[in-house]
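Below you'll find the structure, written out as structure tokens, and then a few comments.
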Amino acid sequence: MSGQGQFPAVRAIVLVEGVTDELALTLAARRSGRDLKAEGVSVVPINGAHALSRFLRRLAAEEPGVRLAGLYDEGEEEVIRAALERAGYGPNLDRSQLEGVGFFACIADLEDELIRAASESDLSRLIELAGDAQPWRTFRNQQAWRGRPVNQQFRRFIRSVSERNSRYIRAIVETIDPARLPRPLRLLLDYVEPGQA
């Protein structure tokens with residue numbers, strides 16, 4: 001995993017659950033004026049929280065001394081805590097302690113965090129720009145989704161068609177003010193910033 005060529009050696013590795021999280025984190029860094037690869041930060045999708053233990057063991061062997069960090073879904077906190085405890089990060093880690101070792105919870109997941117960070121008018125504009133106004137109206141009128149909060153409707157809507165999810169996550173990150181990026185994203189970017197201990 002070490003860098004080569006024009007990029008510095010890897011000094012930090014961020015473990016995320018999937019490729020959508022990788023996309024969002026990379027774009028959020030860029031919106032904040034940062035290039036993670038140039039900073040020596042590698043973002044690695046691990047395909048779910050249950051893979052964390054395996055990645056921690058591998059990284060301990062292959063990349064000793066590299067700063068580790070991660071994003072995880074709130075519902076997976078027990079899995080993350082257990083994996084970090086087995087890896088020697090300490091017993092009975094609470095959320096504050098998890099953040100102290102570089103692992104940040106998304107409520108309920110990063111997509112949900114980003115959707116809540118966008119305003120309803122942002123979402124409406126993105127839907128119009130994507131040409132999805134009619135499918136969106138149809139979806140919202142379905143009995144199962146009628147009357148639910150817009151952020152819940154939108155989250156289900158973007159997950160209902162292949163590729164729609166990453167397309168909208170990209171659009172949201174590129175639209176919202178970087179100051180409104182979700183807390184776990186901001187904290188993680190601060191944690192892996194060059195010069196952090």
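The values are calculated or read from the model by the stated rules, or taken from the named source; none is laboratory data. Keep in mind it's a predicted model, so treat the numbers as computed, not measured. Counting neighbours? That spans all protein chains shown, and the Cβs are built from the backbone with ideal geometry, glycine included. Protein only, heavy atoms only, side chains kept; ligands, DNA and RNA dropped before computing areas. Shrake-Rupley method; radii C 1.70, N 1.55, O 1.52, S 1.80 Å.
Determine, yes or no, whether residue 119 is open to solvent by 20 Å² or more (accessible area, probe 1.4 Å), among the small types (Gly, Ala, Ser) and in contact with a Phe, Trp or Tyr (Cβ under 9 Å, 6 or more places away or on another chain).
So residue 119 does not fit the description; no.
Using the structure shown, decide if residue 134 is assigned to a helix (DSSP H, G or I), out of contact with any Leu (no Cβ under 7 Å at 6 or more places or on another chain), surrounded by fewer than 17 Cβ atoms within 10 Å (Cβ to Cβ) and at pLDDT below 95.
no
Being open to solvent by less than 70 Å² (accessible area, probe 1.4 Å) and within 22 Å of residue 181 (Cα to Cα) narrows it down to one of 84, 36, so name that one. Break it down into steps so the answer makes sense when it comes.
Values: 84 fails: within 22 Å of residue 181 (Cα to Cα).
Only one candidate passes the filter, namely 36.
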